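Each value in this text was obtained by applying a stated rule to the coordinates, not by laboratory testing. The structure displayed is predicted, hence computed values, not measured ones. Every residue, glycine as well, gets a Cβ built from its backbone with ideal geometry; the counts of neighbours run over all protein chains shown.
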Amino acid sequence: MRLGVDLGGSKIELVALDDGGQVLLRRRRATPGGSYHGTLAAIGELVVAAERDLGQQGSVGVGMPGAESTVDGRIKNANSTWLIGHALRNDLQDILQREVRLANDANCFALSEATDGAAAGAETVFGVILGTGVGGGFVVRGRVLTGANRIAGEWGHNALPLPDEEEEQQQPRCYCGSRGCIETWLSGPALAADHLRHTGIALSAVEISSRASSGDAACEATLQRYERRLAKALAMVVNIVDPDAIVLGGGLSNIDRFYGSVPRLWRRHVFSDVVQTRLLRNRHGDSSGVRGAAWLWNAD
């Protein structure tokens, strides 16, 4: 039995999977925001309760925001700031009395979709989160690629490539301290901000998509700008890694038109006569992160 834990800013979710990937149990509870020790306790309680109810012990994988430092194993780059500076893996191992595998939540999403999701069977997969923030993760031959600095897939904190005149002038500030990051152009809030900047009308990403489908010209223009930016940003990934598949997750992955429009647009930016990389909608939706955490033990 594999136990996966998705440690989010507002909720902690646990899933138990059998060897075939069938869900045996699913639980969730609110994250004790701001409390590191409360977060540790909540994860421990979820694991203990699941094992008690199922009558067996399982491996434990945890997906979380941020990454482990290669210097001391402490958490860095986490938007759940109360985790930063703590040795999360070691502390969980002390509580649970077993080895715990830890990975960035975007890596867990990519692993889930590469294992038994939309990109099952693909050798190289790039998983993309387009939501409140923008993240990414690489899976190669069924294994998460973390990199020498534990930041592989941090696509959202590169500058938007090939900026046009407007993009050169705007350069929105990112929470990471830089300007013009991909996240500042392609997150859900960034899409809404772009529409507000051009029209003076405040709409959510969902509203913009819906109104564009109904013929609203301003919303259609906003989505076309977004599609051009997404195509340029993904073309950069294709040129560097050349993945077999790119899987979209997060709230914006539900916009159907992207799966046709973006591959058409990225052709001009990819250094190849043909582009065989597939752009795919995720199969497991909001469950991909927690399932990927459980599959961190799949390689063994």
Taking R0 as 30 Å, what's the FRET efficiency between His198 and Val23 from their Cβ-Cβ distance, rounded to 0.05?
0.10
Its Cα gyration tensor gives the chain an equivalent ellipsoid whose semi-axes in whole Å, largest first, are 34, 21, 18
What order, most packed first, do the peptides 10-21, 163-174 have when packing is the mean number of other Cβ atoms within 10 Å of each residue?
10-21, 163-174
Total formal charge among the other residues, if their Cβ is under 11 angstrom from that of Arg28, Lys/Arg +1 and Asp/Glu -1
+1
Which helices count as membrane-span-like in the chain under these terms: full DSSP H, at least 24 Å along the axis by C-alpha, Kyte-Doolittle mean of 0.0 or more?
36-54, 217-241
Could you tell me the ratio Rg/Rh of segment 118-282? Both radii from Cα atoms, Rh via Kirkwood.
0.96
How much length would be gained if the chain were fully extended between Arg267 and Asp244, taking 0.36 nm per residue of separation minus their Cα-Cα distance, in nm to one decimal?
6.8 nm
Whole-Å distance, taken between Cα centres, linking segment 1-33 and segment 144-167
29
Between Ala87 and Asn149, take the C-beta separation as r, use R0 = 22 Å, and let me know the FRET efficiency to the nearest 0.05.
0.80
Net lengthening on full extension, Glu166/Ser10 (0.36 nm per residue, minus Cα-Cα):
52.6 nm
Alpha-carbon Debye profile of segment 2-104, log10 I(q)/I(0) at 0.17, 0.25 Å⁻¹:
-0.72, -1.46
Quick one: pull the percentage of alpha-carbon pairs in segment 228-280 with a separation above 17 Å.
26
Approximate spin-label separation Arg98-Arg141, in nm, with each point projected 7 Å along Cα-to-Cβ
2.8
Show that you can apply the helix-only estimate: for the chain, add -39,500 (n - 2.57) for every DSSP H stretch of four or more residues, divide by all residues, and state [θ] at 222 nm to the nearest 500.
-11500 deg cm²/dmol
1/(1 + (r/R0)^6) with r = Cβ-Cβ of Arg278 and Ser210, R0 = 25 Å, i.e. FRET efficiency to nearest 0.05, evaluates to 0.40
How would you rank 208-218, 183-193, highest first, on the average number of other Cβ atoms within 10 Å across their residues?
183-193, 208-218
Protection proxy ranking of 123-129, 50-56, 194-200 - average other beta-carbon atoms within 10 Å, highest first
123-129, 194-200, 50-56
